[in-house]
1. For the range 78-97, does any single residue satisfy the condition of being closer than 24 Å to Gly332 by Cα and touching a residue at least 40 places away in the same chain (Cβ under 8 Å)?
2. How many of the residues making up the range 118-159 are aromatic (Phe, Trp, Tyr) and within 25 Å of Lys186 (Cα to Cα)?
3. List, please: which pairs have Cβ atoms under 6 Å, are six or more places apart or on different chains, and start with a residue in the range 274-303 that is among the charged types (D, E, K, R) and end with one that is open to solvent by less than 40 Å² (accessible area, probe 1.4 Å) and assigned to a loop (DSSP other than H, G, I, E, B)?
4. Out of the residues in the range 278-336 that are outside any loop (DSSP other than H, G, I, E, B), open to solvent by 30 Å² or more (accessible area, probe 1.4 Å) and among the hydroxyl-bearing types (Ser, Thr, Tyr), state the one that is farthest from Asp241 (Cα to Cα).
5. Can you report the number of residues in the range 104-135 which are open to solvent by less than 30 Å² (accessible area, probe 1.4 Å) and part of a loop (DSSP other than H, G, I, E, B)?
6. Taking the criterion of being at pLDDT 95 or above, in a loop (DSSP other than H, G, I, E, B) and in contact with an Asp or Glu (Cβ under 7 Å, 6 or more places away or on another chain), would at least one residue in the range 203-221 satisfy it?
7. Taking the range 49-92 on its own, how many of its residues are in a helix (DSSP H, G or I) and either open to solvent by 10 Å² or more (accessible area, probe 1.4 Å) or not aliphatic (A, V, I, L, M) (or both)?
8. What's the total number of residues in the range 137-167 that are among the acidic types (Asp, Glu), open to solvent by 30 Å² or more (accessible area, probe 1.4 Å) and not in a helix (DSSP H, G or I)?
Amino acid sequence: MEKIRGANLGNWLVLEKWMQVEMFEGTDAEDEVWLNRLMDRDALARRMQAHRDTYVMEQDFKDLSAHGVNLVRIPVPYFIFGDRPPFLGCVEYLDLAFQWAEQYDIKVLIDLHTVPDSQNGYDNGGITGVCKWCQEPEEVEFALTVLERLARRYKDHPALFGIEIVNEPISLTVWLSSGSGPIRGKPVDKEEARGSSYVPMKFLKPFYREAYRRLRAILPEEKAIVFHDGFRLTGWNRFFDESGMKNVYLDTHIYIFAMESFVPLHQLWWYRIYVGFNKWKVSNVAKHVPVIVGEWCICNQYAQRGGSAEENRRRFREVAALELDAWSVSAGYIYWNYQLWRNRDSAMDEGWKESWDLARCWKHGWMPQRLDTPSEP
């Protein structure tokens, strides 16, 4: 396939509260698991149907294609097939996505974004402050069967690019330093969270081998199998070659704003150093396995430090140009996210929210109108 120029369709089939707060109205839930536990099932079913029917539609695929996007990464939950009560399945929407993708010449990367009891303790892993999935053999097996069912369903579909095994299994470093870790994690049920910890490589590598074995037995060789780096981009070396894997990619997620708590990234030269360092890492790892920058955005403090609207626009474009240049050494890049709020422009006044939203980045001129066009400061 040509270089990937993609967009994530997050918050469609896997909810994240920060991306659309009103989906959680009437509850104290901070994540999708607790939304299902706390909200009346019939009322939630109506709310979810209205959301899924309108958050991503055929017109979006048409617009994405017109902007040069050739792949969408679609996060899906472990309950996509509707077999884990009380959660509502959503595979029929993934079917629609494949139909639209084929119509507009876009490839689909299916991303298993959540697993039971979570692989990272984030809201994007389904439940905040809980991370025990890798300790539960029956749930590990369940995740593998979900992957197999997805593979069987779409293996012959012309729009299928591939399947990503699991999103963001958390490393020890990130577990200790992030809000999902034991320092600042806030599970609703402390007993449920007891024993939560990071996902070690001694689990992840055998799991990846088994997932590959099962999926490759189903998928044609031209369909890719994608592995998240587990926040350990340089920790894989020759793992994939030595495991005899074919047509695989390593997915890494690089958010420059995530380092702003540790490094004073409020001057452009700091961004040049940090983005350049990541370019060097991606380039080196790509000698062993193709690397996809599967999540990134242009959210940053430098562009939002004040000044005129034109100055802010210029700074956003400077950062976008730095990142697009850096990701040029990869097999491709997939922006997070295509959109946040839907048709709620008044709710998108804050620059940091708009800079997560690819559609609004295009609208404000912060990103090139086509992702195959270089961004000029």
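1. yes
2. The qualifying residues number 2.
3. Correct list of pairs: Glu295/Trp336.
4. Ser328
5. Residues that pass the stated criteria total 14.
6. Yes, the conditions are met somewhere in the range 203-221.
7. 17
8. Total meeting the criteria: 1.
The values are calculated or read from the model by the stated rules, or taken from the named source; none is laboratory data. What you see is a predicted model; the values in this text were computed from it and never measured. In this analysis, Cβ positions are derived from the backbone assuming ideal geometry, glycine residues included, and neighbour counts consider all displayed protein chains. With ligands, DNA and RNA removed, areas are computed over all heavy atoms of the protein, side chains included. Shrake-Rupley method; radii C 1.70, N 1.55, O 1.52, S 1.80 Å.
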